[in-house]
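See below for the structure under consideration.
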Amino acid sequence: MSNENVEHLLQQAFAELDPAPSLLQVIKDHPSYENIEFPLVKYYVEAVEENPSRGQALASALARLDTLSADINGELDRTVHFKTDFDNEVKDYGPKNKFLFHSLLSGLSLKHGLTQNSVMYSAIEKGLDPHGSNQPLLNSQDPEVLVVGACIQLLLHGSVITTEAAGPRYKRSAEVVAKNLKDQKVAGTVKNPHAIHVLEVNQLFYD
C-alpha cells in the first residue's frame, strides 16, 4: 500500500468517535512506514482545528499510541511553537486565531502527556503578566490574546504550572496564579465578553 493510502487511513481514523483502535491498526498493519509520526500529528492537528470540541478525545487517542510516544512527543514539540504572523493575525477568539489555537494544542499536550517545552510554559507566563515579561517570541502579540491563550492552557491543565514539571523558571503557586489573573481583570486587559468569562472561570479554579 502506498504512503498516500496509509495517510488516508490515518486521516479517516481521526474522523472516528474514538480514533485510537483504527490508528493502532494502521500502525500495526504498516510497520515499514517511515516517520509515521509526521502524518499522525499533521492529521491530529487538522482534526482539532476543524472541530476543537473534539480536542480532548483526539489528544487522548494520540496518547494511547504508546509505541510511538517518543516520536509523537518530538513532532508535537516542533509543531506547537506559537510562531504566528502577528501583523496579519485573525483577531477573533476561535481556532482561526493561530496563537489561541496553539494554546489549545499546548494545553491538550500538557494534559495528556504528549509533549512539553519551555515555549509552552513561557506562553503561560507571558499571559499571566503580558506587560511585564520580556519573552521576545511573544512581544508583538496583543496582551488580551496572550491572557486568553494562557487561560486556555490553564483551564486544560493548569495544575501543571504549580508542579515541579514546570521547572524552577516557570513554576508558580496557585496563590500567585490567582493574583496574576485578578490583576489582569482589574487592569481591564481582557475586554471581549467571552474572553472575560474564560478569565473568570480560571479565577474560580485558583482562588
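The values are calculated or read from the model by the stated rules, or taken from the named source; none is laboratory data. None of these values were measured; they are calculated from a predicted model. Cβ: placed from backbone, ideal geometry, glycine included. Neighbour counts: every protein chain shown.
Things to note:
- Within region 86-102, tally of residues that are modelled with pLDDT under 80, part of a loop (DSSP other than H, G, I, E, B) and not hydrophobic (A, V, I, L, M, F, W, C): 6
- Listed by position, the helices (runs of 4 or more DSSP H) inside region 8-76 whose residues that are over 15 Å from Leu105 (Cα atoms) and touching a Pro at 6+ places or on another chain (Cβ under 6 Å) number at least 2 form an empty set.
- Any hit, region 143-161, residues being surrounded by fewer than 15 Cβ atoms within 10 Å (Cβ to Cβ) and in contact (Cβ under 8 Å) with a residue 12 or more places away in the chain: no
- Selection from region 14-37 of residues that are touching a residue at least 24 places away in the same chain (Cβ under 8 Å), surrounded by 15 or more Cβ atoms within 10 Å (Cβ to Cβ) and within 19 Å of Leu114 (Cβ to Cβ): Phe14, Pro19, Ala20, Leu23, Leu24, Ile27, Ile36, Glu37
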